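Working notes, structure below.
The numbers here are math on the coordinates, done by the rules we state, and not lab data. Predicted, not measured: the structure shown is a model, and the values here were computed from it. When we count neighbours, we look across all protein chains shown, and the Cβ atoms used for this are built from the backbone with ideal geometry, even at glycine.
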Amino acid sequence: MTRDTTTGDGPAGEAATVHLVLQGKGGVGKSVIASWLAEFLMKCAKPVCCIDGDPVNRSLGQYKALRAEKLDLVNHDGLVQRTRYDSMLERFATENAAFGG
């Protein structure tokens, strides 16, 4: 997951874009696609924040240059905690500074 904050044509002169790379099945290239997207945005001088929410294989976090944050969506019993996901979305919506904006 990446978040790209750029100057845009909105009323406040700023538009924020959130890119999500999601798929329930493993091994389909989510981390590779997310890393390519983040690298492209970084090369375009866009501030980027990567978040790795994979409970099994934290591949995105292995790309050290991306400084991906770990998001624990699953509790110790293996159950998805919706409130953790909700708090991440809330963060996207309200905390521009946390994402380099």
Practice item. Report ³J(HN,Hα) in whole Hz for each residue of the stretch 75-90, in order, from the Karplus equation J = 6.51 cos²θ - 1.76 cosθ + 1.60 where θ = phi - 60°; Gly and Pro get x. Key: 7, 5, 8, x, 9, 5, 9, 4, 5, 5, 5, 4, 5, 5, 5, 4
Revision key, fill the gap. Gln23 and Arg67 label points (each 7 Å along its Cα→Cβ direction) are spaced in nm at 2.9 nm
Review point. How many nm is it between the label spots at Leu79 and Ile33, if each spot is 7 Å from the Cα in line with the beta carbon?
Key: 3.0 nm
Exercise for review: Tell me the label-point distance for the pair Arg58, Lys43, using the 7 Å Cα-to-Cβ offset, in nm and rounded to one decimal.
Suggested key: 2.7 nm
Review point. Can you list the residues, at least 5 places off or on another chain, whose amide H is less than 5 Å from the amide H of Asp52, using H built in the peptide plane?
Key: Glu69, Lys70, Leu71
Revision key, fill the gap. Expected vector for the stretch 41-55, Karplus 3J(HN,Hα) from phi with 6.51, -1.76, 1.60 and θ = phi - 60°, integer Hz, x for Gly and Pro, equals 5, 5, 5, 8, 6, 9, x, 10, 10, 9, 10, 9, x, 6, x
